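Enquirer: Quick one: structure below, then a few questions.
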Amino acid sequence: AHQAALAARSKDNLRSPICCILGHVDTGKTKLLDKIRQTNVQEGEAGGITQQIGATYFPVEAIKQKTAVVNQDGKFEFKVPGLLVIDTPGHESFSNLRSRGSSLCNIAILVVDIMHGLEPQTLESMKLLRDRKTPFIVALNKIDRLYGWKKVENNGFQESLALQSKGVQNEFKNRLAATKVEFAEQGFNSELFYENKSMAKFVSLVPTSAHTGEGVPDMLKLILQLTQERMVGSLMYLSEVQATVLEVKAIEGFGMTIDVILSNGILREGDRIVLCGTEGAIKTNIRALLTPAPLRELRLKSQYVHNKEVKAALGVKISAPGLDNAIAGSRLLVVGDEDEESDLEEEVESDLATLFNRVTKTGRGVSVQASTLGSLEALLDFLKESKIPVANVNIGPVYKRDVMQSGVMLEKSPDHAVMLCFDVKVDPDAQRYAEENGIKIFTAEIIYHLFDQFTAHMRQMLEKKKEDAKLLAVFPCVLNPVAVFNKVSPIVVGVDVVEGSLKVNTPIAVVKTNPNTQLKEIISLGRVTSIEREHKQIPVCKKGQPSVAVKIEMGGNQPMYGRQLEDKDVLYSLISRPSINCLKEFYRDEVTNEEWKLIMKLKPVFDIS
Ligand code: GDP
């Protein structure tokens, strides 16, 4: 029975393409997958659709049946033997289907909710698809939610649209146009699938409903069409094994197992395999090649069928000794007669090493932790683009030792004492240690969210530094005295602001030449604690505005009018090298050109070089 799982070669010697479904949460990825898996009741068992490990296999016969409504003249020619669709939608699976920087996923369906347009994970998915150069189509899903939609189950889209009222057709047109604009903003030209003249230039948009099945036949046909047009070269059947680990899972009776997508070649029981582990390369022998038992055989004692050999493309569970530290996203290599095992070891280890080596040379950066090789790579790519430096990289759950490693930054670069964790668990001990020591741990399932959390954190740190710097920052001003209301403790004077802006908290000084020594003297008066005009407190008085009464207070012995100070003395904001640096670092946006000029003018007054 399970022989169907072993994909056959087509007459053109093409193998089955591997297809992933990506998109934002709740756009209907799972429902669409369910819909294409679903059997038409009248046809009984669906022409050989087989549940595999982590994937569903659709032999070409099943696809022919499912696309019959949109291929009534039979003109569309099927060249591939079938289609392997990865069961877990989302970019986790997609990014783990990797092999030396390219993707084993041949083709993808990006699902967009027609009512919502492009959402954060849509953009992330598009970025992944673009980076990996994976051709894709867009399913504009949930068309049945267009107001007043009349459904015809499992119909071709064009026929269904023709049956709708003018109002529905208009709403559809408007939403389609809006979506095309959104795609254009992301640098993708898109076209409604039956108006698309070039699949190489335009992304095809296919309206679907996972509830009514409308547009689903078009979607399937389109995915085959795209594969056949664009990918014939890369779908040639090869005897060389190409495989990647999608998941690492403990299974009762088998211990630790790996779920593998085999995209080319043959795997056999007993094969010597090499793959990536957290503690170095894992070398072991395949003990069992497992595929799910067909439904009717579930009464048997195992839910799995043992295979002597399996052939691409398919999903298979491998049971073997020593898989405990296996990493999802790792390549799986088979040691052939000609191969030196150590060469293969080096090869898989280099996959991990390349990622671990992508840390800054400065040693100052955040720590990054992800669940799989694929997600780690995607996260590192994203951080690189966002110009966030990375100092530490790790795979798997966050333990205390990881937090301690990130804690090294507390000394070196406190802003970077941050862990960005993608789809990993944080051990409670590690969490506690982080909280006690002021290391921030951010976790998220969406890369964007990690970025948002990190930028919010950086903004907060900057605000705090600004707050701390408030007393140090001095905005420049020059004040002409008009009256002395209180000679000392506290000094209260009436002034005109003749240059710059006077702000509360500004330190004030008078600069004089000592008549006895002929030396310049800077007499500090203290800080401005209030600015008043007509008995109203104001925070700032700008050059040219009406006079204000200014209170100046000082901790120690304040100089006094009539003694060190004279009524006519010009008052200056007391600037210094540190105060200028502080403005440069934290207030650059708030200092006007005129103020920078005034600072330049005041520098010699205070002997600042
Ligand atoms: P996923 O997170 O992308 O896998 O989304 P799901 O497949 O879980 O669907 C999310 C929600 O949208 C569920 O409540 C579905 O029933 C609903 N949904 C999915 N596809 C459609 C559709 O075509 N039409 C309507 N009306 N609802 C849909």
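Enquirer: State which residue is farthest from the ligand (Cβ to nearest atom) when the search covers only the stretch 117-161 and only residues that are in contact with a strand residue (DSSP E or B) (Cβ under 8 Å, 6 or more places away or on another chain) and among the charged types (D, E, K, R).
Expert: If we filter the stretch 117-161 for residues that are in contact with a strand residue (DSSP E or B) (Cβ under 8 Å, 6 or more places away or on another chain), which is where we start, we get 118-119, 121-122, 125-126, 128-129, 132-143, 157, 161.
Now drop any that are not among the charged types (D, E, K, R), which leaves 119, 132-133, 142.
On the way: GLU119: 11, ARG132: 20, LYS133: 24, LYS142: 4 Å.
Residue satisfying both the conditions and the ranking: LYS133.
Enquirer: Here's a check for you: in the stretch 578-589, which residue that is assigned to a helix (DSSP H, G or I) and touching a residue at least 24 places away in the same chain (Cβ under 8 Å) is farthest from SER530 (Cα to Cα)?
Expert: It comes out as GLU585.
Enquirer: Taking the stretch 205-261 as the region of interest, how many residues are part of a strand (DSSP E or B) and either touching a Phe, Trp or Tyr at 6+ places or on another chain (Cβ under 9 Å) or within 16 Å of the ligand (Cβ to nearest atom) (or both)?
Expert: Summing the residues that are part of a strand (DSSP E or B) and either touching a Phe, Trp or Tyr at 6+ places or on another chain (Cβ under 9 Å) or within 16 Å of the ligand (Cβ to nearest atom) (or both) in the stretch 205-261 gives 4.
Enquirer: Any idea which residue in the stretch 84-116 is surrounded by the most Cβ atoms within 10 Å (Cβ to Cβ), counting only those that are assigned to a loop (DSSP other than H, G, I, E, B) and more than 15 Å from the ligand (Cβ to nearest atom)? Give the derivation first.
Expert: Going residue by residue through the stretch 84-116, those that are assigned to a loop (DSSP other than H, G, I, E, B) are 87-90, 97, 100-101, 104-106, 114-116.
Those still in the list that are more than 15 Å from the ligand (Cβ to nearest atom) too: 97, 100-101, 104-106.
Working: LEU97: 23, ARG100: 9, GLY101: 10, LEU104: 24, CYS105: 28, ASN106: 26.
Only one residue fits best here, namely CYS105.
Enquirer: Out of the stretch 30-44, which residues are at pLDDT below 90 and among the basic types (Lys, Arg)?
Expert: ARG37
Enquirer: Are any residues in the stretch 302-351 of a type in the set (D, E, K, R) and closer than 16 Å to LEU97 by Cα, and if so, which ones?
Expert: Within the stretch 302-351, the subset of a type in the set (D, E, K, R) is 308-309, 311, 317, 324, 331, 337-341, 343, 345-347, 349, 351.
Within the stretch 302-351, LYS317, ARG331, ASP351 meet the criteria.
Enquirer: Can you run down the residue pairs with Cβ atoms below 9 Å, 6 or more apart or on separate chains, where the first is in the stretch 16-35 and within 22 Å of LEU226 (Cα to Cα) and within 7 Å of the ligand (Cβ to nearest atom) and the partner is assigned to a helix (DSSP H, G or I) and of a type in the set (S, T, N, Q)?
Expert: GLY23/GLN121; GLY23/THR122; GLY23/SER125
Enquirer: Then there's this: Go through the stretch 277-296 and count every residue that is part of a loop (DSSP other than H, G, I, E, B), at pLDDT below 95 and closer than 24 Å to LYS311 by Cβ.
Expert: Number of matching residues: 2.
Enquirer: Then there's this: Looking at SER198, is it more than 29 Å from GLU92 (Cα to Cα), in a loop (DSSP other than H, G, I, E, B) and under 31 Å from the mean Cα position of the chain (by Cα)?
Expert: Against the criterion (more than 29 Å from GLU92 (Cα to Cα), in a loop (DSSP other than H, G, I, E, B) and under 31 Å from the mean Cα position of the chain (by Cα)), SER198 qualifies.
Enquirer: Could you please tell me which pairs satisfy a Cβ distance under 6 Å, a separation of 6+ or placement on different chains, a first residue in the stretch 298-317 that is at positive phi and among the aliphatic types (A, V, I, L, M), and a second residue that is modelled with pLDDT of 80 or more and assigned to a loop (DSSP other than H, G, I, E, B)?
Expert: none
Enquirer: A further question on this structure: Does THR362 satisfy being in a strand (DSSP E or B) and out of contact with any Asp or Glu (no Cβ under 7 Å at 6 or more places or on another chain)?
Expert: no
Enquirer: Kindly provide the set of residues from the stretch 530-550 that are part of a strand (DSSP E or B) and surrounded by fewer than 15 Cβ atoms within 10 Å (Cβ to Cβ), ordered by number.
Expert: Within the stretch 530-550, ARG533, LYS536, GLN537, LYS542 qualify.
Enquirer: May I pose another question? Is there a residue being modelled with pLDDT under 85 and within 16 Å of the ligand (Cβ to nearest atom) anywhere in the stretch 45-63?
Expert: So far as the stretch 45-63 goes, no, none of its residues is modelled with pLDDT under 85 and within 16 Å of the ligand (Cβ to nearest atom).
Enquirer: Can you name the residue in the stretch 395-409 that is of a type in the set (A, V, I, L, M) and in a helix (DSSP H, G or I) and is also surrounded by the most Cβ atoms within 10 Å (Cβ to Cβ) among such residues?
Expert: Of everything passing the filter in the stretch 395-409, VAL403 is surrounded by the most Cβ atoms within 10 Å (Cβ to Cβ).
Enquirer: Condition (residue is part of a loop (DSSP other than H, G, I, E, B), of a type in the set (Lys, Arg) and exposed (fewer than 13 other Cβ atoms within 10 Å of the Cβ)) applied to the stretch 554-566: is it met by at least one residue?
Expert: Yes: the stretch 554-566 contains one or more residues that are part of a loop (DSSP other than H, G, I, E, B), of a type in the set (Lys, Arg) and exposed (fewer than 13 other Cβ atoms within 10 Å of the Cβ).
Enquirer: Among the residues in the stretch 184-204, are any surrounded by 23 or more Cβ atoms within 10 Å (Cβ to Cβ) and away from the ligand (no atom under 15 Å from the Cβ)?
Expert: For the stretch 184-204, residues surrounded by 23 or more Cβ atoms within 10 Å (Cβ to Cβ) and away from the ligand (no atom under 15 Å from the Cβ): present.
Enquirer: Would you mention how many residues in the stretch 98-134 are of a type in the set (Ser, Thr, Tyr), under 22 Å from VAL260 (Cβ atoms) and modelled with pLDDT of 85 or more?
Expert: Summing the residues that are of a type in the set (Ser, Thr, Tyr), under 22 Å from VAL260 (Cβ atoms) and modelled with pLDDT of 85 or more in the stretch 98-134 gives 1.
Enquirer: Here is a further query. Pull up the stretch 234-253, narrow it to residues that are within 26 Å of PRO89 (Cβ to Cβ) and not aliphatic (A, V, I, L, M), then point me to the one that is surrounded by the most Cβ atoms within 10 Å (Cβ to Cβ).
Expert: THR244
Enquirer: Please state which of the following conditions VAL181 fails to meet, knowing it meets all the rest: (1) surrounded by 14 or more Cβ atoms within 10 Å (Cβ to Cβ); (2) away from the ligand (no atom under 14 Å from the Cβ).
Expert: Looking at each condition in turn, VAL181 falls short on (1).
Enquirer: Does the stretch 160-170 hold any residues that are part of a helix (DSSP H, G or I) and either among the hydroxyl-bearing types (Ser, Thr, Tyr) or in contact (Cβ under 8 Å) with a residue 40 or more places away in the chain (or both), and which are they?
Expert: The answer is SER160, LEU161.
Enquirer: Scan the stretch 220-240 and give yes if some residue there is in contact with a Leu (Cβ under 9 Å, 6 or more places away or on another chain), more than 30 Å from GLY156 (Cα to Cα) and not hydroxyl-bearing (Ser, Thr, Tyr), otherwise no.
Expert: yes
Enquirer: Further, regarding this structure: Condition test on GLN242, is it within 26 Å of ARG98 (Cα to Cα) and not aliphatic (A, V, I, L, M)?
Expert: For GLN242, the condition - within 26 Å of ARG98 (Cα to Cα) and not aliphatic (A, V, I, L, M) - is met.
Enquirer: Here's another thing I want to ask about it. With respect to ILE575, determine if the residue is in a loop (DSSP other than H, G, I, E, B), surrounded by 13 or more Cβ atoms within 10 Å (Cβ to Cβ), within 52 Å of the chain's Cα centre (by Cα) and of a type in the set (A, V, I, L, M, F, W, C).
Expert: yes
The values are calculated or read from the model by the stated rules, or taken from the named source; none is laboratory data. As the structure is a prediction and not an experimental result, all values here were calculated from the model. Every residue, glycine among them, receives a Cβ derived from its backbone with ideal geometry; neighbour counts consider all protein chains shown.
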